[in-house]
Amino acid sequence: MKFRCFQKDLSDAIATVQRAVPTRSTIPVLQGILVEAKENTVKLTGTDLDITIETRIAAEVIEEGSVVMPSHIFGDIIKKFPEADITVQLNERFQMDIICEDSIFTTLQGLEPYEYPEVQQVEKKEQIKLRQDIFKKMIQQTTFAVATDETRPILTGVLLEIENGSIVMVCLDGYRLALRKEILPENTVNTSLIVPGKSLTEISRILEDEELDLYINVGDKHVHFDLGNTQIISRLLEGEFVNYRQIIPQEYKTRVKVDRLLLQQSLERASLMSRELENNLIKLNVQDDKLVITSNSDIGKIYEQIPIIVEGKNIEIAFNARYLLDVMRVIKDDEICLDFTTNVSPCIVRPLEGEAYCYLVLPVRLHS
């Protein structure tokens, strides 16, 4: 194998596929990157068997071939070379020489490519098209609520529902629920799938913040994300997701309209006290035209007051400050609605208009 390409192209491609490479594995070949040079293209692949990432770069392929290179040392070496043309060549013992201007790294030992697992192919039965920047925001605004506890494996996944020309993304961990919805004007597919939260987090780091197309192909046990030069395949979780529609209250007794940034800043100050407490406890007291936020701990007390518009009854309720802050930090609206029923019922965070998002946060019970 021998090829020539631009150093930055190769370095960026390695960094992309490394997101799927496990730092530790009982299968040594999985800690490597499969490098394949063919027809003026170099394809790199990384996998942990749950998620596979492939990416292609343009190259002058002098001699076709393939090898599995140790991920981190290979990536570190390429990264340290200057931004210039780089030549990579392999001998019959799978030892790699890398040449860039006056720098030469020789005999980096690789593994035989036949040891690398075959990439799972996904039939293009059901394809969904949407923008990369939109899907990236949906992931960032929901996956903080994915469960990390493996006792309920299905909750470590993210539910994607595609129906009636829209896509809904739902995560919940038993304490909060995050839901984002977007319209898909060109979509005619109706389907649902559960993607591991870890897979979507890695995908969000690869997606561009631009209006580029993303194609999602849904298979029986895997889902394929087509980003053009980069392809990502993730396994799907099997099982029944929680019926989230039954969890979200449709009625409220108190609705608060509040400046989102003011609330976020007040919660951040209050959380400086609450983090010393069990449950990260803060109290919210809705009093006519103001929201009072308090937290008392051994190191001090804090009192915050912000103006609000209230519809319905006054209410006093307590929360884990972190759970509320996680929601405030991902919402971009200037103003939001907080809906309450009782002080032991969840708070629902909604936009002033529309159904673009919905967040549910369970309260902390106050003991008399």
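Do you know which residues across the stretch 6-53 are assigned to a strand (DSSP E or B) and small (Gly, Ala, Ser)?
Within the stretch 6-53, Gly32, Ala37, Gly46 meet the criteria.
Could you check Ala147 against (1) of a type in the set (Gly, Ala, Ser); (2) in contact with a Gly (Cβ under 7 Å, 6 or more places away or on another chain); (3) within 26 Å of Asp220 (Cα to Cα); (4) surrounded by 20 or more Cβ atoms within 10 Å (Cβ to Cβ) and say which number it fails?
Failing condition for Ala147: (4).
Of the conditions (1) of a type in the set (A, V, I, L, M, F, W, C); (2) in contact (Cβ under 8 Å) with a residue 60 or more places away in the chain; (3) buried (at least 21 other Cβ atoms within 10 Å of the Cβ); (4) closer than 26 Å to Asp213 by Cα, Met138 fails just one. Which one is it?
(2)
Quick one: which strands (runs of 3 or more DSSP E) lie wholly within the stretch 163-213 and hold at least 3 residues that are within 17 Å of Tyr357 (Cα to Cα) and within 18 Å of the chain's Cα centre (by Cα)?
166-172, 176-183
Would a scan of the stretch 151-159 turn up a residue that is assigned to a strand (DSSP E or B) and surrounded by fewer than 16 Cβ atoms within 10 Å (Cβ to Cβ)?
Checked the stretch 151-159: no residue is assigned to a strand (DSSP E or B) and surrounded by fewer than 16 Cβ atoms within 10 Å (Cβ to Cβ).
If you go through the stretch 299-328, how many residues are more than 33 Å from the chain's Cα centre (by Cα) and assigned to a strand (DSSP E or B)?
Counting residues in the stretch 299-328 that are more than 33 Å from the chain's Cα centre (by Cα) and assigned to a strand (DSSP E or B) gives 12.
Which members of the stretch 334-359 meet the condition of being farther than 22 Å from Gln287 by Cα and assigned to a strand (DSSP E or B)?
Scanning the stretch 334-359 gives Tyr357, Cys358, Tyr359.
Looking at His224 and the list (1) in contact with a Leu (Cβ under 8 Å, 6 or more places away or on another chain); (2) of a type outside the set (A, V, I, L, M); (3) within 30 Å of Val119 (Cβ to Cβ); (4) surrounded by 15 or more Cβ atoms within 10 Å (Cβ to Cβ), which single condition is not satisfied?
(1)
Looking only at the stretch 343-360, filter to residues that are within 16 Å of Arg260 (Cα to Cα) and among the β-branched types (Val, Ile, Thr); which one of those is surrounded by the most Cβ atoms within 10 Å (Cβ to Cβ)?
Val349
Where a number appears in this text, it was derived from the coordinates with a stated rule and is not lab data. Remember, predicted model here, so these are calculated numbers, not experimental data. Note that each Cβ is placed from the backbone with ideal geometry, even for glycine, and that neighbours are counted across all protein chains shown.
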